[in-house]
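No lab work stands behind these numbers, since they all come straight from the coordinates. The model shown is predicted, which means the values in this text are computed figures rather than measured ones. Reconstructed Cβ throughout: ideal geometry from the backbone, glycine too, with neighbour counts over all protein chains shown.
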Amino acid sequence: MTKFIRFAICFLFAAGMTAYIVGCNVADSKVMLDVAAKPFELLSQYHFFKGTMHDLKPNDRITPYDLNSPLFSDYAHKARFVYMPDGKVTEYQEDKVLQLPVGACLIKNFYYPADFRKPDENKRIMETRLLVHRPDGWEGVEYIWNDEQTDAHLEVAGDIKKVSWIHNDGSKKEADYIIPSKNQCKSCHWLNGAITPIGPKVRNLNKDFTYGDGKNNQLAQWTKIGILKGTSDIKTAAYEVNYNDEHADLNDRARAYLDANCAHCHNPGGPAYTSGLYLNYDMKDMEHIGVCKTPVSAGRGTGNFLVDIVPGDPAHSIMPFRMASTDAGIKMPELGRSMVHQEGVDLITKWIASLPGGPCKPN
């Protein structure tokens, strides 16, 4: 095949926005995201990634990031990216989710290494979730990866896929991995009557990340590349601990865990606001956090216990009871997991046991 004919074929396929055909790599063109248009049928059509898409190598204007305390999703690993249109910037906000501009997109990929002890090898990507900031607000868009791991297709109804892996301790684990529907995505990202991102808060972004040119604090990096302005002194910026860090303060770890895994619903503006149980990191009222608080409704979800948290007595507290269940009528969180996060249950159990005993303790 002559060089001219090969170029012509590549050009024709590029015009159709197909990522990889007959050895051509046209995914290295600029990101194709039109927030006024309908979602693409294939993830590859956005050109978020360069080279082989499965490698998740970010294209220009796509910035990888990580969180101090992530949501538990049946032990899935996550590769997060943010796309910011040229010339757009977001303002530093100390205690709220960053207000990313119209045209921005959050890209979250869920994957399982075959062996968690070798996290960079043999990855199976399950899904890619987009949060696209359109002129009329944020929209969640779901893509499910094919078995060949070459692309992901648009899906609104969700799915359930079997997945297995070797865990960190060498044991074999498997799960019915639940890919949420569009409405389920909406229910978790609902705040004060609108869809909103959850993770990119200053306190959760305030950590080091290894980029292609070296390690840097994420807030400093975002400022350096011009997508964040008004950043305060990194040393005094809001910070949320990694709840897996056993050297950190137990109360800080527990509050970070509840913030990451529960507060997207359990906050004054969230879907579970009527419960009065508010688990956002900045909540100071211990009754709202659950201490000696009776639930607003009874039923199987209480386990016949009287209050959400009995200080000093996790065995009689509703919160760890619901966390330790996989029963659809009992478990919390309601969505996003089919397994018990045993490390999370152990953390919250230990935290409740450390709280000073109170008068609500049952006889």
List every residue whose amide H lies under 5 Å from the amide H of residue 307, counting only residues 5 or more places away in sequence or on a different chain, with H placed 1.01 Å from N in the peptide plane.
318
Residue (of 180, 231, 68) at the positive-pole extreme of the chain, dipole from beta-carbon charges
231
Shape verdict for the chain, please, from the Cα gyration tensor: rounded (a/c under 1.5), prolate (a/b greater than b/c) or oblate.
prolate
Using the Cα centre as the reference, give the magnitude of the dipole from point charges on the C-beta atoms of region 250-354 (Lys, Arg: +1; Asp, Glu: -1; all else neutral), rounded to the nearest 20 debye.
140 debye
In region 138-226, the GluC sites (Glu not before Pro) that fall in loop regions by DSSP, at most 10 other Cβ within 10 Å:
148
What full-extension length gain, to one decimal in nm, is calculated for residue 339 and residue 326 as 0.36 nm per residue of separation minus the Cα-Cα distance?
4.0 nm
If I take every Cα pair under 8 Å that is 6 or more residues apart in the chain, average their sequence separation and divide by the length, what percent do I get for the relative contact order?
13 percent
In terms of modelled amide H atoms, which long-range or inter-chain residues lie less than 5 Å from the amide H of residue 57?
50
Only bridges whose two residues both fall in the chain count here: according to DSSP, what percent of them are antiparallel, nearest 5?
90 percent
Quick one: which of 38/162; 108/161; 173/350; 123/350; 96/235 span more than 27 angstrom between C-alpha atoms?
38/162; 123/350
Applying the Karplus parametrisation 6.51 cos²θ - 1.76 cosθ + 1.60 with θ = phi - 60° to the phi angles of region 344-352, what ³J(HN,Hα) value in whole Hz is obtained for each residue in order, glycine and proline being reported as x?
x, 4, 4, 5, 5, 4, 5, 5, 4
Going by how many other beta carbons lie within 10 Å of each one, how would you line up 250, 191, fewest first?
250, 191
Karplus-derived 3J(HN,Hα), 6.51/-1.76/1.60, for each residue of region 301-318, Hz, glycine and proline x
x, 7, x, 6, 8, 9, 9, 5, 9, 9, x, x, 9, x, 5, 10, 9, 5
Do the sum for the chain: with -39,500 (n - 2.57) for every DSSP H run of n ≥ 4, divided by all residues, what is the mean residue ellipticity at 222 nm, to the nearest 500 deg cm²/dmol?
-5000 deg cm²/dmol
Whole-Hz ³J(HN,Hα) from phi, Karplus 6.51 cos²θ - 1.76 cosθ + 1.60, for region 61-76, glycine and proline x:
6, 9, 10, x, 8, 9, 10, 4, 10, x, 6, 6, 9, 6, 6, 4
How would you classify region 250-354 from its alpha-carbon gyration tensor, with a ≥ b ≥ c the square roots of the eigenvalues: rounded for a/c under 1.5, else prolate if a/b is greater than b/c, otherwise oblate?
rounded
Tally Lys/Arg at +1 and Asp/Glu at -1 over every other residue whose Cβ is under 12 Å from the Cβ of residue 221; what's the total?
0
Computed for the chain: size of charge dipole around the Cα centre, +1 on C-beta of each Lys and Arg, -1 on C-beta of each Asp and Glu, debye to nearest 20, value 400 debye
